[in-house]
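All of the numbers you see were taken from the coordinates with simple rules; none came from a lab. It should be emphasised that the depicted structure is a prediction, and the values quoted were computed from it without experimental measurement. As a convention, Cβ positions derive from the backbone with ideal geometry for all residues, glycine included, and neighbour counts pool all protein chains shown.
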Amino acid sequence: MKAYYAGDREVEEALTQGYAQSGYRGAMRRAADTLAGRGRKTYVLPSDVAGLYAWAGEKAQALEWLEKALEVRDPNLPSMLNGDPTFETLRSDPRFQDLLRRMNFPP
């Protein structure tokens, strides 16, 4: 989890509750859901939500949020797609490969 969410009570609570119920993946999923919900009211970086879903093992949701990141030109997307280990489990997915292609990155 990125350090700038430290002190964000809503995200911290989501992490705590998610971990208590389902361990690490549950914590990441709950934090992602929290940010996704916040994103309906205010701007959140889609790449942050995508990363949390990827850590939770929620590939479909991670890819959905990566698409949103591309649509809004999320400034973190290039560095995240180009070698960030967060998305290692997605690299073989054709949808991820398509994102790389559309951003002119090598597969």
Handout entry: Lys, Arg +1 and Asp, Glu -1 on Cβ, resulting dipole of the stretch 17-73 about Cα centre, debye, nearest 20
Key = 160
Practice task
Could you work out the local net charge near Gln61, counting Lys and Arg as +1, Asp and Glu as -1, over the other residues with Cβ closer than 10 Å to its Cβ?
Solution key: -1
Practice task
State the answer as a single residue: which of Leu45, Asn82, Ala69 lies farthest towards the positive end of the charge dipole of the chain, with beta carbon charges of +1 for Lys and Arg and -1 for Asp and Glu, about the Cα centre.
Solution key: Ala69
Problem - Sites Gln17 and Asp84, calculated FRET efficiency, Cβ-Cβ separation with R0 41 Å, nearest 0.05 - result: 0.95
Completion exercise
With only helices counted (DSSP H, runs n ≥ 4, each -39500 (n - 2.57)), the per-residue ellipticity at 222 nm for the chain, to the nearest 500, works out to -20000 deg cm²/dmol
Handout entry: Paired Rg and Dmax values of the chain, which use every Cα atom, in angstrom
Key = 13.5, 41
Exercise for the section: Go ahead and set up a Gaussian network model of the chain, Cα springs under 10 Å, then flag whichever of Ala32, Ala14, Ala50 fluctuates most. Expected result: Ala14
Problem - For the chain, size of Cβ-based charge dipole, Lys and Arg +1, Asp and Glu -1, in debye - result: 140
Practice task
At 0.36 nm per residue, minus the direct Cα-Cα distance, what do Arg25 and Arg9 gain on full extension? Give it in nm, one decimal, please.
Solution key: 3.8 nm
